[in-house]
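Let me begin by presenting the structure, written as structure tokens, before commenting on it.
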Amino acid sequence: MASADKIVAREGPFEVTLEAGKDYYYCTCGRSKKQPFCDGSHKALSSGIKPKKITVEETRTAYLCGCKQTKSEPFCDGSHASLKKEGAAKKKDACGASCVKGTLGLLAIGAIAFIVMKHIKN
């Protein structure tokens, strides 16, 4: 998957309520008009980018990455803070293969949400 095909949708997280047992598809390309969720815009790309499926066991608030550079995809890890330092030329680049692959456990998700909320409050 070519990281050049990923773009920044927003310089900050999307606060969303995820319902228990419901499947969500997180936009990984940054082009969806229904951010942070997929609307199929990635299909116009030839890179093979696909949305990331999210399902949680308990209804909860989550902070989904808007810059598409998180290392904890789909959850915000504060990577957007570095966008301002890197300048406009870097904003269109995304983490690509360096993003964490696989499904995060609910415990890890909770820990990440705690860190993000602490970061946002500061």
Contour minus Cα-Cα distance for Ile7 and Lys50 (0.36 nm per residue):
14.1 nm
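Report the trypsin sites (Lys or Arg not before Pro) located in region 17-76 that are in a DSSP loop and have at most 13 other Cβ atoms inside 10 Å of their Cβ, or state none.
Values: sites: Lys22, Arg31, Lys33, Lys34, Lys43, Lys52, Lys53, Arg60, Lys68, Lys71; in loops: Lys22, Arg31, Lys33, Lys34, Lys68, Lys71.
Within region 17-76, the qualifying trypsin sites (Lys or Arg not before Pro) (loop, at most 13 other Cβ atoms within 10 Å) are Lys22, Lys33, Lys34, Lys71.
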Each label sits 7 Å from Cα toward the beta-carbon; between Ser41 and Glu57 the label points are separated, in nm, by 3.4 nm
Determine the sum of side-chain charges near Tyr25: Lys and Arg each +1, Asp and Glu each -1, restricted to other residues whose C-beta is under 12 angstrom from that of Tyr25.
+3
Subtracting the Cα-Cα distance from 0.36 nm times the residue separation, let me have the gained length for Ala81 to Glu19 in nm, one decimal.
19.5 nm
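The numbers here are math on the coordinates, done by the rules we state, and not lab data. As the structure is a computational prediction, the values presented were derived from the model and not from experiment. Quick reminder, even Gly has a Cβ in these numbers, built from the backbone with ideal geometry, and neighbours come from all protein chains shown.
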